[in-house]
Amino acid sequence: MVRFRLLAVIGAVCLSAARPACALDPATSISQYSHTVWRAGDGLPDNFVQALLQTKDGYLWIGTAEGLVRFDGLQFTVFDTRNTPALRHNSVVALCELRNGALWVGTSGGGVTTYENGRFTGALTTSNGLPNNYVRSIYETRDGSVWITAHGGGLVKINGGRILTYTVKDGLPSDSLRLVYEDRRGTLWVGADEDGLCSFRNGRFRCFGRQNGLTSNQIRAMHEDRAGRLWVGTRAGGLLLFDGARFRLHRPPGHSSNLAVRTILEDSDGNLWIGTEGAGLYRLQKGRFDAFTARQGLPHSFVRSIAEDQDGNLWVGTRGGLCRLRDRRVETWTTSEGLLNDNVRAIFEDKDGVVWIGNTSGVNRLVKGRLLPVRLSPEWSRDVVRAIAQSRGGTIWIGADTGLFSWRGGHVRRFPGDLKGPPPRVRALLEDRQGRLWVGAEDGLFVVEGPEAAEYSRVAGLPPGSINAIAAGRDGSLWFGCEGGLASYSGGAFRIYTSR
């Protein structure tokens, strides 16, 4: 059975105190994590994942728009109104495991259903004390009280079987509330649908609004980080940090202040993960934002819930399915990490351990995990690089559709410098034992006679057409993959092999 740890799915679940054995490597870009996606065709009843929670017995519970799901790592078990009469509605929007082990399931239209000792029991609805059946969040505070927000129903407190409801008459900014959160000082924070944020302490509410720096009154997420700072996510005002008096905006580069934040999680390394409505998933690490969107493999850019399991994997609930992010030994670099183009044509490691990557827009150097661009010519977008080699003197040779280039000491030079006529469209490169550079091109074979050579020499004796590959034998012979067959070169003579 899989065992997960939920850190924070604000407005939908409770917090757990266990720590994962190994978190996601914070030095790795999000797009380099291995990701697995589950959708309706894989066992989920619906693609819209609205809540995630790991219970103490190790199961992952998933609230969807079409039922409640229990996942044991291999199989999804679906509970809905057809097979579970105690569940009054299929749209599960909130999950909370109480300290006594009972699971409370909040639905959008059917109130709250409880699951305890392997059985679903009675429901809490308008018929027995709930002001509204459209639940938004369920939260248990340290004193054992359970707090529920329901659409238009105010703030409900349940303690010892007694139900107490707070409304605008008691100081709330609105009866339409979204979520509840308790900080380490015991202050209860209440986020409204469209009327800002308030704190509740010693029986009194204190309201915060735009006059306190809120960029939006539509509160959707809250989390207090390990440093004791309160982060607030809003639907139209981005991510805010509360300094005790005012809220300060934190936003990813390129985004306006109206970023819609839906959920906030702090992982075991102290990184903040921010789920948004339409802009995907962000990780905030030491002041730097890193994004993961549908383009990189997220099933949908609307992120509703996030959880971290005991192995450090991250689970993300979206409108398009469930996604798991985990570390992997295979690393991937794309344009998101700085690659000039994702269409890679050549890879070469030089004597210093630098990896050269030829692609359809030029060359990148991978140095200590960083991708550095190498522009070959002013028309770099046409520099389709297909071959890279290094001379014994350390010069890097780069073969492209726009000709042959050398790189040394950070300087790029076209070869030859006084090129007359169209350059060869290079396909393959190899330096032999004598220090000669063999250049396979679309229109034949060329050789550069040593490091001081100023021009090419065309080599005769091969089949017509493109020279696509060059390799050296242990005996010093050279082999050429030609459009018209295979050729070997030894003792100053060519030998041709064809299918005829």
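Values in this text are rule-based calculations from the coordinates and carry no lab data. Keep in mind it's a predicted model, so treat the numbers as computed, not measured. Heads up, the Cβs are rebuilt from the backbone with ideal geometry, glycines too, and the neighbour counts pull from every protein chain shown.
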Suppose R0 equals 22 Å. What FRET efficiency, 1/(1 + (r/R0)^6) with r the Cβ-Cβ distance, do N100 and S127 give to the nearest 0.05? 0.40
Modelling each spin label as a point 7 Å along the Cα-to-Cβ direction, I'd like the T395/E337 distance in nm, to one decimal. 3.1
Select from G317, L371, T167 the residue farthest towards the positive end of the dipole of the chain; place +1 on Cβ of Lys and Arg, -1 on Cβ of Asp and Glu, and compute about the Cα centre. T167
Simple spin-label estimate for T114 and R375 in nanometres, 7 Å along Cα-Cβ: 6.8
Could you give the distance between the Cα centres of region 237-251 and region 187-205, to the whole Å? 16
Identify all lysines with a Cα-Cα distance to K368 below 25 Å; exclude those on the same chain that are fewer than 8 residues away in sequence. K286, K351
Does region 335-497 classify as rounded, prolate or oblate by the C-alpha gyration tensor (a ≥ b ≥ c root eigenvalues; a/c under 1.5 gives rounded; else a/b over b/c gives prolate, otherwise oblate)? prolate
Calculated FRET value between D72 and V447, using beta carbons and R₀ = 56 Å, to 0.05: 0.30
Segment S257-A40, extension gain: residue separation times 0.36 nm, minus the distance between their alpha carbons: 74.7 nm
Compute the length gained on full extension between D327 and Q434: take 0.36 nm times their separation in residues and subtract their Cα-Cα distance, giving the result in nm to one decimal. 34.0 nm
Using r as the Cβ-Cβ distance of N468 and H411, and R0 as 51 Å, what FRET efficiency do you calculate, to the nearest 0.05? 0.95
Just check region 4-326 against the gyration tensor rule for me: Cα atoms, a ≥ b ≥ c as the square roots of the eigenvalues, rounded for a/c under 1.5, and otherwise prolate or oblate depending on whether a/b exceeds b/c. oblate
Under 1.5 on a/c is rounded, so check that first for region 307-361, then, if it is not, pick prolate when a/b is larger than b/c and oblate when it is not; a ≥ b ≥ c are the square roots of the alpha carbon gyration tensor eigenvalues. oblate
Note down the net charge around L214, summing +1 for each Lys or Arg and -1 for each Asp or Glu among other residues with Cβ under 12 Å from its Cβ. +2
Full-extension gain in nm, A65 to S488, via 0.36 nm per residue minus C-alpha separation: 145.7 nm
Between region 301-377 and region 276-291, the Cα center-to-center distance that results, in Å: 16
Check R262: other-chain or 5+ apart residues with amide H under 5 Å from its amide H, H built from backbone geometry? G275, T276, E277
Lys and Arg at +1, Asp and Glu at -1: neighbours of P26 with Cβ under 13 Å from its Cβ sum to -4
Simple spin-label model, 7 Å along Cα-to-Cβ: R206 to N159 in nm? 2.0
